[in-house]
1. Residues that are without any contact (Cβ under 8 Å) to a residue 60 or more places away in the chain and within 22 Å of residue 98 (Cα to Cα): list the strands (runs of 3 or more DSSP E) wholly contained in region 1-78 that include at least 2 such residues.
2. If a residue must be more than 13 Å from residue 77 (Cα to Cα), within 9 Å of the chain's Cα centre (by Cα) and surrounded by fewer than 19 Cβ atoms within 10 Å (Cβ to Cβ), how many such residues does region 19-60 contain?
3. Would you check which residues across region 87-96 are part of a loop (DSSP other than H, G, I, E, B) and either of a type in the set (A, V, I, L, M) or surrounded by 17 or more Cβ atoms within 10 Å (Cβ to Cβ) (or both) and list them?
Amino acid sequence: MDDGVLIADNADSLGTGAVANNGVLQVGEGELKNTLSGTGSLVKTGTGELTLNGDNDYSGGTTIDDGVLIADHADSLGTGAIDNSGVLQVGEGELKNTL
């Protein structure tokens, strides 16, 4: 994705392939099985739970508008800042992102 906003109410609709995100990826709930890269951001929307697994290296930051974002590992959250208005759970690893 080169620009703009991609909205997925459920992470399953994104399949399992790598996502090069240079825009805004909004996901509501489910298990994000994709590897995220690029300069874009990830926005967790809705009241459900979204699980990230895998080593992601997107740099545009993470916003939790609502609900629960579960990161299996700190590296699942990319390298950008985290804006948390919901609940963030990190399974393991050292969180290096700015909160």
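1. Hits in region 1-78: 24-32, 41-44, 49-52, 62-64, 68-71.
2. Result for region 19-60: 1.
3. 95
Throughout, read-outs are computed from the coordinates displayed, never taken from laboratory work. Quick caveat, the model's predicted, so the values are computed rather than measured. Every residue, glycine among them, receives a Cβ derived from its backbone with ideal geometry; neighbour counts consider all protein chains shown.
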